[in-house]
1. Could you pull out every one of the strands (runs of 3 or more DSSP E) wholly within segment 138-206 that has 1 or more residues that are over 23 Å from F324 (Cβ atoms)?
2. What single numbered condition from (1) at pLDDT 95 or above; (2) surrounded by fewer than 18 Cβ atoms within 10 Å (Cβ to Cβ) fails to hold for R99?
3. Could you identify the single residue in T246, T291 that is among the polar types (S, T, N, Q) and part of a loop (DSSP other than H, G, I, E, B)?
4. Condition test on T292, is it of a type in the set (S, T, N, Q) and surrounded by 15 or more Cβ atoms within 10 Å (Cβ to Cβ)?
5. Scan segment 104-125 residue by residue and report those that are within 21 Å of V187 (Cβ to Cβ) and either surrounded by fewer than 12 Cβ atoms within 10 Å (Cβ to Cβ) or of a type in the set (S, T, N, Q) (or both).
6. Go over the candidates V151, V165 one by one and state the one that is surrounded by 14 or more Cβ atoms within 10 Å (Cβ to Cβ), modelled with pLDDT of 85 or more, closer than 26 Å to L101 by Cα and not hydroxyl-bearing (S, T, Y).
7. Might you check whether a residue that is modelled with pLDDT of 80 or more, of a type outside the set (F, W, Y), within 26 Å of H154 (Cβ to Cβ) and touching a Phe, Trp or Tyr at 6+ places or on another chain (Cβ under 9 Å) occurs anywhere in segment 207-226?
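The values are calculated or read from the model by the stated rules, or taken from the named source; none is laboratory data. Values in this document were obtained by computation on a predicted structure and should not be read as measured data. With ideal geometry, Cβ positions are generated from the backbone for all residues, glycine too; neighbour counts draw on all protein chains shown.
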Amino acid sequence: MDTPGNLKTSSSELDLDRPNIEDYLPSGSSIQEPIGKLRLRDLLDISPTLTEAAGAIVDDSFTRCFKSNPPEPWNWNVYLFPLWCCGVVIRYGILFPVRVLVLAIGWIIFLSSYIPVHLLLKGQDKLRKKIERSLVEVICMFFVASWTGVVKYHGPRPSRRPKQVFVANHTSMIDFIILEQMTPFAVIMQKHPGWVGLLQSTILESVGCIWFHRSEAKDREIVAKKLKDHVQGADNNPLLIFPEGTCVNNHYTVMFKKGAFELDSTVCPIAIKYNKIFVDAFWNSRKQSFTTHLLQLMTSWAVVCDVWYLEPQNLRPGETPIEFAERVRGIISARAGLKKVPWDGYLKYSRPSPKHRERKQQRFAESVLRSLEEK
């Protein structure tokens with residue numbers, strides 16, 4: 001297994017997506033400006049706020065974390081177009097029906113076993129939960145088979161131990177399915193509507209999953225207590241957390257929430273990297289439903305990815321939970337070849353505070369006034 005020492009990355013990675021504004025300004029020899037007038041270059045020099053704004057316009061690295069970048073079309077000439085048409089016929093006319101049949105058989109096997117076990121073994125909780133956990137792993141295997149999933153796992157398989165939590169980068173809800181087919185993880189996840197929410201509240205309860213509503217602040221305290229209670233239980237399934245809090249497009253990692261790193265537990269990093277040659281596994285929940293996302297996967301050639309179970313990490317003396325989270329994020333990013341960016345993923349769901357905007361506006365006004373007075 002690779003050690004953290006081999007996964008060190010330069011702190012300059014944080015600046016990879018911050019453009020140099022000077023590159024986008026005309027050179028002094030190409031423009032003629034009247035002497036004594038305030039120029040754009042002067043404003044950029046005197047105002048860090050304006051520099052930050054111009055950088056956001058030129059290259060918005062936050063938005064790019066949540067964008068799906070489709071590959072360039074390759075069926076652009078008379079030789080390649082027939083091959084592309086053959087591929088469409090095979091994927092939609094042959095592979096898709098077979099995959100639907102595989103998934104349907106999986107659900108029939110799962111439900112015909114799960115329902116009797118759930119109803120008839122209510123008095124034997126330990127045995128019932130053990131069988132239900134195995135059945136959840138089985139249906140996850142059928143899901144992966146319905147995408148022709150080619151998953152390569154690296155490192156020792158996770159074991160059930162107290163005071164241990166697993167954290168992974170997050171690209172799609174299928175991250176959970178891919179990990180669950182190997183180990184019955186209990187995951188903390190946002191409560192979803194529709195058929196996904198029904199599965200969460202019925203079937204996935206058997207593996208000890210914890211749900212929350214992002215819009216309800218009181219849920220945070222309840223979830224925090226449930227997390228602490230869960231990691232203390234020796235018989236509970238290993239706890240899996242996606243500390244980014246949202247799906248990112250498998251090119252970047254955004255800031256990790258510190259909750260998983262405040263549990264006084266050993267943190268076991270998991271790095272997931274998808275191969276985009278066959279399909280982009282990123283799920284943009286704002287633009288497509290999970291059903292549409294599954295259909296996209298089932299009509300692709302295959303879902304190919306690597307999963308690395310990395311060296312367990314513990315909080316170092318004098319290290320804060322935030323520093324611990326950043327260190328683990330660096331290990332995951334380096335192993336999966338992802339770029340670290342200094343953004344909070346929850347900004348995707350919320351607007352900046354009015355007070356924050358007013359402070360920025362005030363500082364900008366003061367810097368411009370000072371410059372005008374000096375001129």
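1. Numbers: elements: 149-154, 164-168, 186-190.
Result: 149-154, 186-190.
2. (2)
3. Details: T291 fails: part of a loop (DSSP other than H, G, I, E, B).
Of T246, T291, the one residue that is among the polar types (S, T, N, Q) and part of a loop (DSSP other than H, G, I, E, B) is T246.
4. Values: of a type in the set (S, T, N, Q): yes; surrounded by 15 or more Cβ atoms within 10 Å (Cβ to Cβ): no.
So T292 fails the test.
5. Within segment 104-125, just D125 meets the criteria.
6. Values: V165 fails: closer than 26 Å to L101 by Cα.
Being surrounded by 14 or more Cβ atoms within 10 Å (Cβ to Cβ), modelled with pLDDT of 85 or more, closer than 26 Å to L101 by Cα and not hydroxyl-bearing (S, T, Y) holds for just one of V151, V165, which is V151.
7. Checked segment 207-226: no residue is modelled with pLDDT of 80 or more, of a type outside the set (F, W, Y), within 26 Å of H154 (Cβ to Cβ) and touching a Phe, Trp or Tyr at 6+ places or on another chain (Cβ under 9 Å).
A quick yes/no check of all residues on (1) in contact with a helix residue (DSSP H, G or I) (Cβ under 7 Å, 6 or more places away or on another chain); (2) more than 19 Å from R329 (Cβ to Cβ):
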| position | (1), (2) |
| --- | --- |
| H230 | no, yes |
| L240 | yes, no |
| E244 | yes, no |
| A260 | no, no |
